[in-house]
Amino acid sequence: MAMNFYKEMIGGQKIPSIGLGTWMSTDETELETALNAAIEAGYRHIDTAIVYHNESLIGRILKGWFSSGKLRREDFFITTKLPIAGLHEDRVEMFIKKSLENLQLDYLDLYLIHFPVASNYVGLDVTPPDQFKVEPVDHHLVWKKMEEQVDAGRTRAIGLSNFNENQIRKLLKSCRIQPACLQIEVHLFMQQKELINYCHKNHILVIAYSPLGNPGYNKFLNVIGQKEKQLPSALDNPIVKRVADKYKKSPGQVLLRFLIEKDIIPIPKSVSPKRIRENIDVFDFTLDKEDIHKLENVDRGEESRICDFSFFPPLLESEHFPFLKQRV
Ligand SMILES: NC(=O)c1ccc[n+]([C@@H]2O[C@H](COP(=O)([O-])OP(=O)(O)OC[C@H]3O[C@@H](n4cnc5c(N)ncnc54)[C@H](OP(=O)(O)O)[C@@H]3O)[C@@H](O)[C@H]2O)c1
């Protein structure tokens, strides 16, 4: 594989510098075609979550690759996540075991706490909105259980998603095993410089979700019956387009390369084999300093957050809600 393909996590484990996102990929034929195209194109890092409802399908497709003898379990880096109903010391083990069963794997490469807020537990599936209640959570106790999953060999590494700097700082004071990664929203319009600097200083790798600015987000809002949001298009941004023309690359490739240059691991989601191949074809060029600077100047900060979780208002009630509420 081409240059810069792997990064090293704090324990020495390797993580591919780009992954395939799978949120909203639940159609069986579509996901099967997408995942097979991704694996053929060289993706070895797959991001899922129990709440995406596609772990079992991903597990079945991976099993096909293992039994074909073409690839082995150790060739892949598989991430999944503890849902908010799992943020209780009595539920972490149950949820990771369920994800392992769904994925037909003996171990994960990375298990993330999906979101810092906890909810009540009514079953392994997503808690229906009419039964949903925010619950108190002690992140230290949950993290202790996450550490035990590493000890038990159920996951090689553990990490966080959607935690803010303050929440990470508190956890770093008491942890025995450090979070290896933080998965957060990062893209052209919300570059999260301070949080990323903090993570890098503390040897926490940053994984960028919505790295293309999620052009499919309004589709998701439609599915859950919510009003569409006005979102600027990173792919159509004139500066991105000019830089793309200069390097004879697509706008999507520039957006992804921009993150890779900053030691951030993007996990673009696509179900289109053509776009999947395009998105990984970003290891044969580098952006010069001037172009990086131009792209940095497009940052609009927190106001450009896309996935602000306001689609689920009870989350905002929690003292652990991680984002600035006045802007949500
Ligand atoms: N931890 C969390 O809370 C969290 C939250 C959000 C996302 N995530 C993870 O991060 C992954 C990626 O984020 P995301 O899905 O929000 O957004 P994204 O990857 O920025 O955008 C995905 C959208 O972009 C389209 N697309 C993909 N490649 C393209 C290209 N080269 N040109 C034009 N359009 C392209 C896709 O459409 P097609 O599929 O039709 O190609 C899809 O609609 C998710 O799938 C999930 O695994 C995690």
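The values are calculated or read from the model by the stated rules, or taken from the named source; none is laboratory data. Note that the structure is a prediction, hence the values are computed from the model and not measured. Quick reminder, even Gly has a Cβ in these numbers, built from the backbone with ideal geometry, and neighbours come from all protein chains shown. Ligands, DNA and RNA are excluded from the accessible area calculation, which covers all protein heavy atoms including side chains. Shrake-Rupley method; radii C 1.70, N 1.55, O 1.52, S 1.80 Å.
Suppose we keep only residues that are more than 11 Å from the ligand (Cβ to nearest atom) and exposed (fewer than 14 other Cβ atoms within 10 Å of the Cβ) within segment 29-43. Which one would you say is nearest to residue 73 (Cα to Cα)?
Top of the filtered list is 40.
Please list, ordered by first then second residue, the pairs with beta carbon atoms under 7 Å, 6 or more apart or interchain, first in segment 46-75 and open to solvent by less than 70 Å² (accessible area, probe 1.4 Å), second basic (Lys, Arg).
49/81; 50/81; 50/98; 66/72; 66/73; 75/44
I'm trying to understand the selection: among the residues of segment 147-171, which are closer than 30 Å to residue 306 by Cα and open to solvent by less than 50 Å² (accessible area, probe 1.4 Å)?
Selection gives 155, 157, 158, 159, 160, 161, 162, 163, 164, 167, 168, 171.
Given the conditions (1) within 16 Å of the ligand (Cβ to nearest atom); (2) in contact with a Pro (Cβ under 6 Å, 6 or more places away or on another chain), and given that residue 95 satisfies all but one, which numbered condition is not satisfied?
The number of the failed condition is (2).
Restricted to segment 251-269, and to residues that are within 15 Å of the chain's Cα centre (by Cα) and assigned to a helix (DSSP H, G or I), which residue is farthest from the ligand (Cβ to nearest atom)?
260
Do you know which residues across segment 225-250 are at pLDDT 95 or above, under 26 Å from residue 310 (Cα atoms) and more than 21 Å from the chain's Cα centre (by Cα)?
Within segment 225-250, 236, 237 qualify.
With respect to the numbered conditions (1) farther than 29 Å from residue 172 by Cβ; (2) within 15 Å of the ligand (Cβ to nearest atom); (3) of a type in the set (A, V, I, L, M, F, W, C), which one is the sole condition not fulfilled by residue 23?
For residue 23, the failing item is (1).
Kindly check whether there is at least one residue in segment 90-99 that is closer than 28 Å to residue 318 by Cα, within 15 Å of the chain's Cα centre (by Cα) and open to solvent by 60 Å² or more (accessible area, probe 1.4 Å).
So in segment 90-99, the residues closer than 28 Å to residue 318 by Cα come out as 90-99.
Those left that are additionally within 15 Å of the chain's Cα centre (by Cα): none.
Taking every residue of segment 90-99 in turn, none turns out to be closer than 28 Å to residue 318 by Cα, within 15 Å of the chain's Cα centre (by Cα) and open to solvent by 60 Å² or more (accessible area, probe 1.4 Å).
Output yes when any residue across segment 268-281 is on the phi > 0 side of the Ramachandran plot and touching a residue at least 12 places away in the same chain (Cβ under 8 Å), and no when none is.
No, every residue in segment 268-281 fails to be on the phi > 0 side of the Ramachandran plot and touching a residue at least 12 places away in the same chain (Cβ under 8 Å).
Within the group 214, 222, which residue is of a type in the set (S, T, N, Q), more than 18 Å from residue 82 (Cβ to Cβ) and at pLDDT below 95?
Of the residues listed, the single one that is of a type in the set (S, T, N, Q), more than 18 Å from residue 82 (Cβ to Cβ) and at pLDDT below 95 is 222.
Any idea which of (1) of a type outside the set (A, V, I, L, M); (2) over 16 Å from residue 299 (Cβ atoms); (3) in contact (Cβ under 8 Å) with a residue 24 or more places away in the chain; (4) open to solvent by 70 Å² or more (accessible area, probe 1.4 Å) is the one residue 209 doesn't satisfy?
Only one criterion in (1) of a type outside the set (A, V, I, L, M); (2) over 16 Å from residue 299 (Cβ atoms); (3) in contact (Cβ under 8 Å) with a residue 24 or more places away in the chain; (4) open to solvent by 70 Å² or more (accessible area, probe 1.4 Å) is unmet by residue 209, namely (4).
Residues that are more than 15 Å from the ligand (Cβ to nearest atom): find the strands (runs of 3 or more DSSP E) completely inside segment 152-229 holding 2 or more of those.
Because the criterion is at least 2 residues that are more than 15 Å from the ligand (Cβ to nearest atom), the strands (runs of 3 or more DSSP E) in segment 152-229 that meet it are 155-161.
What residue, of 22, 26, 80, is hydroxyl-bearing (Ser, Thr, Tyr) and open to solvent by 10 Å² or more (accessible area, probe 1.4 Å)?
So the residue among 22, 26, 80 that is hydroxyl-bearing (Ser, Thr, Tyr) and open to solvent by 10 Å² or more (accessible area, probe 1.4 Å) is 26.
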